[in-house]
Each structure stands twice: as structure tokens, then as C-alpha cells.
Amino acid sequence: MIFSIRRKANKNILQTEKSLVELRKNFNETIPLKIQRIIALWGFSESAFGGILHALKIPFTGLFLGGAAVIFITLIAHYSNDKLAILRATLIVILVKAFVSPYSPITAYLAVALQGFLGYLFFSLINYERAAALLFGFFSLLFSALQKLIFLSLIFGTGLWKSIDLFVDFVLSQIPFIKQSSTFSFSIVLISIYAGIHILAGIYIGIRAALIPKWLLSKSKSFEKMKIDFEEDQDYFPKTKKKKRWWKRSSGILLFLFLITLMILSFYFPQLGKNRAYEIMFTLVRAIVITFFWFSIVSPFVLKHFKKFLEKNNFKHASEMNQVTVLFPSFKRIINFCWRISSIEKGTKRIKKFLADSLALLLLAEIKID
């Protein structure tokens with residue numbers, strides 16, 4: 001009698017444990033957050049999100065794209081036991097970017113590779129996830145800012161920064177009651193502000209990225225009772241076009257016009273000095289020669305070998321790439337939906353709501369693939 005009671009009790013305990021396991025399993029399955037989805041979002045961000053931000057006329061698109069990479073790499077590190085998953089994800093994202101956005105410059109692929117390497121480094125060496133995410137965000141956005149500053153310095157040399165200082169000194173000299181200081185360098189202030197914005201954004205995004213898994217858990221509960229219809233939605237954003245070369249962009253044209261204007265002014269205003277005109281002329285000639293050399297000799301050579309690398313890996317990772325790119329149409333519909341419902345807000349509040357809702361739905365919404 002006693003043994004039969006014990007057997008029944010043990011049986012009931014086993015059944016209870018099985019039920020708890022099933023409940024946990026079902027609970028985890030209600031949150032459709034997988035590494036594959038995060039990799040797909042990172043690839044979508046690198047391939048199409050920049051074009052969407054540009055269409056919305058949101059400034060600092062590079063900062064947003066770099067911040068998005070920090071978020072997705074942090075999520076990959078959080079949901080994967082093996083941190084090598086970050087490097088594997090980086091390779092898939094590079095392949096997807098080359099497939100979807102073939103006109104991207106080689107520097108864009110280097111930026112993705114650097115982000116993936118930094119993410120792997122910090123999350124492998126530092127066990128405390130929040131500290132790793134903070135440092136990763138800091139260095140990732142810092143290198144993003146430095147990449148652009150180094151690019152300008154390589155193309156134009158130090159003459160660009162001297163020209164900016166010269167122009168600011170000239171403008172200040174035309175204003176009465178302002179004393180000029182020989183130690184003042186406006187270019188250093190400009191560089192510091194630009195780098196400072198990226199550093200502060202990197203720290204903030206790194207801290208927030210580590211808190212996203214907990215935030216998603218609370219969001220998933222509210223989504224359970226919410227019916228979201230984004231299957232048939234108006235397309236608000238234009239298709240991604242071929243990216244313009246830097247000298248064809250408005251910023252590049254303005255930079256050339258600024259240097260030419262300063263060169264002309266130096267002939268008419270003695271305080272600028274005629275010798276400055278020749279320095280500026282040398283800066284412009286240097287930029288043209290380096291640009292020609294890069295796009296006619298160096299870039300084709302690098303791209304030739306890079307394409308061989310892509311072709312070799314495209315075959316190896318064809319199925320993984322397909323699993324990623326097949327989600328892109330649904331991602332675009334979700335973003336369209338989020339932009340439409342964000343219209344209840346205005347200005348920065350709308351952008352904040354749009355980005356928050358987009359991230360939550362892109363990670364949590366159930367996607368049916370035809």
C-alpha cells in the first residue's frame with residue numbers, strides 16, 4: 001500500500017515536471033526572437049535602412065546605422081552561447097549587403113567587418129554583458145566617426161583643416177570688437193564636436209542595447225492581445241538607388257565650392273595671403289589625383305579580389321543568405337506600418353516612436369513566408 005502511494009506520488013511529480021518543461025518551451029516559442037531574425041535585420045539595416053532614413057530626411061544616417069549594428073550584435077551575443085556566432089553573422093551580413101546593395105563602396109564592407117570584430121572581441125573577453133555592450137558601443141561609434149575624418153584627411157590632406165581655420169579667422173577679423181586668438185582652431189572644435197556626438201551616442205546605445213532583451217519580454221506580452229495588420233500597406237519609401245560618389249553628393253560639391261571661394265578671396269584680401277591660394281590649389285589637385293588613382297587603379301584591383309571572395313562564400317552560404325533575404329519584404333511592410341501609425345506624433349517624438357515600434361515589431365512580429 002505504501003509503495004503504491006509512493007509510485008503514484010513519483011508519477012505525479014514526473015508529470016508535473018514534464019508539464020513545467022512544456023510550459024517553458026511554449027513560452028519561449030511565443031517570442032519569435034531568433035539569431036536568424038537578428039542577422040536578417042542587421043543585413044536589412046546595412047542594405048536598405050540607410051535609404052529609408054535618407055528618404056525620411058533624418059540627419060546622421062551613419063550614426064543610426066552604426067547604432068543599429070551595435071544593437072543587433074549585442075542581441076546576437078545575448079542569445080547565442082558561442083560568441084563565434086557574431087563573426088559568422090558578420091560574414092552573412094557582408095554577403096547579403098554585396099548581393100542586395102552591390103554599389104556599396106569597399107569602405108562600407110570594412111566598416112561592417114570592423115563592427116563584427118569589435119563585437120566578438122568585447123563580448124568574448126568581458127563576461128558582464130552591460131559593460132561589454134557599453135564599451136562596444138563607445139569604440140564602434142568612435143571608429144565610425146574617425147573613419148570619415150581619416151577619409152577627408154587622406155583625400156584633402158591637412159590643407160582642408162588649415163583652410164577651415166583660415167576662413168574662420170578671416171570672418172572673425174571682419175567683425176568689430178572681436179579679438180582673434182592665434183591658439184584658436186575651429187577645425188579642432190569641429191572635429192571634437194563631431195567625434196563627441198558619436199561617442200555619446202555610442203555610450204547611450206550600448207547601455208540601451210543591453211536592456212533590450214528585457215524590454216522585448218515586456219513588449220511580447222502586450223503583442224499577444226494585439227492584432228497587427230501590416231500585410232497590405234502603402235509603400236512610403238522609394239527604392240534604394242545607386243549610391244553617389246562622394247564628389248557628386250551635395251556635401252562634396254559644397255566642400256569644393258568652399259575651397260575654390262577661399263582661393264579666390266585670398267587674391268583680393270591681403271590678410272589671407274596670396275600664398276594661401278597656392279596651398280588651397282594644391283589641396284584641390286591632391287583631392288582630384290587621389291580620387292582618380294583610387295577609383296581607376298586601387299578600387300578595381302581590390303574589388304576584383306573581393307568579388308572572388310564573395311563568389312566563393314556565396315556558394316557555401318547560399319541557404320543562409322536565402323533565409324535572411326526572404327524576410328526583407330516583410331521587414332519593409334512592417335516599417336511602412338510603423339511609419340503610418342507614428343503619424344499621431346510630430347517631430348522628434350514621431351521619430352522616437354517610429355524607431356521603437358519598428359525595432360519591437362521587426363523582432364517580435366510573426367512573419368509568414370509564402
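The values are calculated or read from the model by the stated rules, or taken from the named source; none is laboratory data. A quick note: this is a predicted structure, and the numbers were derived from the prediction, not measured. Counting neighbours? That spans all protein chains shown, and the Cβs are built from the backbone with ideal geometry, glycine included.
Answer yes if at least one residue in segment 318-340 is over 20 Å from TRP42 (Cα atoms), assigned to a helix (DSSP H, G or I) and either touching a residue at least 60 places away in the same chain (Cβ under 8 Å) or touching a helix residue (DSSP H, G or I) at 6+ places or on another chain (Cβ under 9 Å) (or both), and no otherwise. Among the residues of segment 318-340, at least one is over 20 Å from TRP42 (Cα atoms), assigned to a helix (DSSP H, G or I) and either touching a residue at least 60 places away in the same chain (Cβ under 8 Å) or touching a helix residue (DSSP H, G or I) at 6+ places or on another chain (Cβ under 9 Å) (or both), which makes the answer yes. The sole residue among GLY50, GLY66, GLY62 that is surrounded by 20 or more Cβ atoms within 10 Å (Cβ to Cβ) and farther than 19 Å from THR325 by Cα is GLY66. Check segment 168-189 and report whether any residue there is surrounded by 17 or more Cβ atoms within 10 Å (Cβ to Cβ), touching a helix residue (DSSP H, G or I) at 6+ places or on another chain (Cβ under 6 Å), modelled with pLDDT under 80 and in a helix (DSSP H, G or I). Yes, the conditions are met somewhere in segment 168-189.
For every residue, the table says whether it meets (1) surrounded by 12 or more Cβ atoms within 10 Å (Cβ to Cβ); (2) of a type in the set (A, V, I, L, M).
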{"position": "PRO300", "(1), (2)": "no, no"}
{"position": "LYS307", "(1), (2)": "yes, no"}
{"position": "HIS317", "(1), (2)": "yes, no"}
{"position": "VAL326", "(1), (2)": "yes, yes"}
{"position": "SER342", "(1), (2)": "yes, no"}
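Between TYR120, TYR103, TYR109, the distinction of being within 18 Å of the chain's Cα centre (by Cα), assigned to a helix (DSSP H, G or I) and within 25 Å of VAL298 (Cβ to Cβ) belongs to TYR109 only. All conditions in (1) more than 20 Å from the chain's Cα centre (by Cα); (2) among the aliphatic types (A, V, I, L, M); (3) part of a helix (DSSP H, G or I) hold for ILE367, with the sole exception of (3). Checking the stated criteria, LYS352 turns out not to satisfy the condition of being among the basic types (Lys, Arg), at pLDDT below 80 and exposed (fewer than 15 other Cβ atoms within 10 Å of the Cβ). A search for C-beta distances below 7 Å between a residue of segment 252-268 that is assigned to a helix (DSSP H, G or I) and at pLDDT 75 or above and any residue that is among the basic types (Lys, Arg) and exposed (fewer than 15 other Cβ atoms within 10 Å of the Cβ), counting only pairs 6+ apart in sequence or on different chains, returns nothing.
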